[in-house]
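Enquirer: Okay, here's the structure, questions in a sec.
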Amino acid sequence: MKTVLRSAAALGVAAALVFGVGACGKGDETEKAEKADNGAAGGTRPTVEQGFKVGLLLPENTTARYERFDKPFFEAEVDELCPKCEVQYANAGQQADTQRQQAEAMLANGVNVLVLDAVDTKAAAAIVNSAKAGNVPVIAYDRLAEGPIAGYVSFDNEAVGKVQAEATGQDAELAAIRRVISGDQDMTVFKPYQPAAATAAGMAVAAAVGEKFEDADRKKHNGTVEVDAMVLAPVPVTKDNVKDTVAKKPYYTVSEICTPEYAAACKSAGLG
């Protein structure tokens with residue numbers, strides 16, 4: 001996972017940023033136009049050397065992944081890429097109005113870029129438009145928010161559905177494990193939260209300083225704009241790889257999964 005993380009986030013950002021080197025060789029007028037379009041409020045780009053504010057807006061805290069995985073993985077990668085940067089975090093508790101208020105508060109507090117996992121992708125357009133008005137780029141994370149976003153990071157949902165369909169009725173001994181893992185509803189597939197959150201952090205840092213995220217692997221259109229996107233493939237969970245996916249640091253421990261209630265399933269899956 002660490003290899004994927006570094007490849008998806010750090011390498012792309014390092015190539016784009018070179019920590020403070022930007023737009024060399026471009027004409028003055030081109031550079032001015034880019035600053036006005038991509039910079040922070042006032043049209044001035046922040047720099048990695050100086051540090052800046054990164055807003056992270058997550059949709060809910062009922063599902064364990066957001067607080068346990070997405071948030072800390074994102075924060076760790078921002079700290080790696082931009083040690084002087086500050087992450088401002090808010091969780092909307094599945095309320096779209098709350099998320100908009102949180103976004104407005106962050107914008108008022110001077111964030112230079114927002115990473116948004118929208119409660120409601122349509123309603124999120126108001127957040128994106130408000131940020132755009134202040135020259136603050138928005139990276140859509142996990143869910144494709146509407147409006148003039150600057151980039152998109154998610155999982156391959158089509159592949160997730162295919163894996164889930166193929167897994168129906170298979171590996172019955174894993175079914176109990178999939179249901180019990182920290183509230184996740186379906187562990188038929190393993191979504192690599194660490195590289196996903198890290199990629200979002202990398203794309204956010206690049207967007208904040210007005211540089212291109214070089215590791216994007218496709219384009220994605222959200223109905224308003226076409227942007228660079230990074231879509232990560234899910235991993236089918238089987239008896240053969242469960243120890244290398246869900247039951248492995250930094251995700252879940254065997255003791256968390258294999259409670260007495262699921263001892264038989266764990267033994268069958270080779271976990272206990």
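The values are calculated or read from the model by the stated rules, or taken from the named source; none is laboratory data. Small disclaimer: the values here were computed from a predicted structure and weren't measured. Heads up, the Cβs are rebuilt from the backbone with ideal geometry, glycines too, and the neighbour counts pull from every protein chain shown. For accessibility, only protein heavy atoms count, side chains too; no ligands or nucleic acids. Shrake-Rupley method; radii C 1.70, N 1.55, O 1.52, S 1.80 Å.
Enquirer: Yes or no: the range 198-215 includes at least one residue that is open to solvent by less than 50 Å² (accessible area, probe 1.4 Å), assigned to a strand (DSSP E or B), touching a strand residue (DSSP E or B) at 6+ places or on another chain (Cβ under 6 Å) and not basic (Lys, Arg).
Expert: Kept after step one, since they are open to solvent by less than 50 Å² (accessible area, probe 1.4 Å), are these residues of the range 198-215: 198-211, 213, 215.
Okay, now just the ones that are also assigned to a strand (DSSP E or B), so none.
Looking through the range 198-215, none of the residues is open to solvent by less than 50 Å² (accessible area, probe 1.4 Å), assigned to a strand (DSSP E or B), touching a strand residue (DSSP E or B) at 6+ places or on another chain (Cβ under 6 Å) and not basic (Lys, Arg).
Enquirer: Follow-up. Residues of the range 247-263 being without any contact (Cβ under 8 Å) to a residue 12 or more places away in the chain and over 29 Å from the mean Cα position of the chain (by Cα), which ones?
Expert: PRO260, ALA263
Enquirer: THR63 is checked against (1) at pLDDT 95 or above; (2) closer than 20 Å to ALA96 by Cα and fails just one. What number does that condition carry?
Expert: Failing condition for THR63: (1).
Enquirer: Pairs under 9 Å by beta carbon, first residue in contact (Cβ under 8 Å) with a residue 40 or more places away in the chain and closer than 16 Å to VAL209 by Cα in the range 75-89, partner open to solvent by 60 Å² or more (accessible area, probe 1.4 Å) and polar (S, T, N, Q), six or more apart or different chains?
Expert: Filtered contacts from the range 75-89: no entries.
Enquirer: HIS221 passes all but one of (1) at pLDDT 95 or above; (2) within 26 Å of VAL48 (Cβ to Cβ); (3) surrounded by fewer than 20 Cβ atoms within 10 Å (Cβ to Cβ); which number fails?
Expert: With respect to (1) at pLDDT 95 or above; (2) within 26 Å of VAL48 (Cβ to Cβ); (3) surrounded by fewer than 20 Cβ atoms within 10 Å (Cβ to Cβ), HIS221 is out only on (2).
Enquirer: Contact list please: Cβ distance under 7 Å, first residue in the range 212-225 and more than 12 Å from VAL153 (Cα to Cα) and among the basic types (Lys, Arg), second residue open to solvent by less than 100 Å² (accessible area, probe 1.4 Å) and outside any strand (DSSP E or B), pairs at least six apart or on different chains.
Expert: Matching pairs, first to second residue: LYS212/ALA16; LYS212/ALA206.
Enquirer: Residues GLU86, GLU173, GLU146: which one is modelled with pLDDT under 95 and either closer than 19 Å to PRO46 by Cα or not aliphatic (A, V, I, L, M) (or both)? Steps first, answer last, please.
Expert: Working: GLU86 fails: modelled with pLDDT under 95; GLU146 fails: modelled with pLDDT under 95.
Checking each option against the conditions leaves just GLU173.
Enquirer: Give all pairs with beta carbons closer than 7 Å in which a residue from the range 43-64 that is closer than 11 Å to GLY210 by Cα meets a residue that is aromatic (Phe, Trp, Tyr) and buried (at least 18 other Cβ atoms within 10 Å of the Cβ); count only pairs at least 6 apart in sequence or on separate chains.
Expert: Pairs that qualify, where the first residue is closer than 11 Å to GLY210 by Cα and the partner is aromatic (Phe, Trp, Tyr) and buried (at least 18 other Cβ atoms within 10 Å of the Cβ), are PRO46/PHE52.
Enquirer: Which of (1) closer than 17 Å to ASP228 by Cα; (2) under 16 Å from the mean Cα position of the chain (by Cα) does GLU146 not meet, given it meets every other one?
Expert: (2)
Enquirer: Right, next: Which of the residues belonging to the range 216-253 are of a type outside the set (A, V, I, L, M, F, W, C), under 30 Å from SER268 (Cα atoms) and outside any loop (DSSP other than H, G, I, E, B)?
Expert: Residues satisfying the conditions are PRO236, LYS243, ASP244.
Enquirer: Can I ask one more? Checking the conditions here, which among ALA126, ALA108, ALA159, ALA150 is farther than 16 Å from ALA197 by Cβ and open to solvent by 60 Å² or more (accessible area, probe 1.4 Å)? Let's see the steps before the verdict.
Expert: Details: ALA126 fails: open to solvent by 60 Å² or more (accessible area, probe 1.4 Å); ALA159 fails: open to solvent by 60 Å² or more (accessible area, probe 1.4 Å); ALA150 fails: open to solvent by 60 Å² or more (accessible area, probe 1.4 Å).
Going through ALA126, ALA108, ALA159, ALA150 in turn, just one is farther than 16 Å from ALA197 by Cβ and open to solvent by 60 Å² or more (accessible area, probe 1.4 Å): ALA108.
Enquirer: With the requirement that a residue be under 16 Å from TYR193 (Cα atoms), out of contact with any strand residue (DSSP E or B) (no Cβ under 9 Å at 6 or more places or on another chain), of a type outside the set (Ser, Thr, Tyr) and surrounded by 13 or more Cβ atoms within 10 Å (Cβ to Cβ), what does the range 243-272 give you?
Expert: Correct list: ALA247, LYS248, PRO250.
Enquirer: Now for a separate question. Which number in (1) under 25 Å from ARG68 (Cα atoms); (2) at pLDDT below 90; (3) not acidic (Asp, Glu) marks the one condition that LYS267 misses?
Expert: (1)
Enquirer: Separate question: For ARG100, work out the one condition from (1) closer than 24 Å to GLN194 by Cβ; (2) touching a helix residue (DSSP H, G or I) at 6+ places or on another chain (Cβ under 6 Å); (3) open to solvent by 50 Å² or more (accessible area, probe 1.4 Å) it doesn't fulfil.
Expert: (1)
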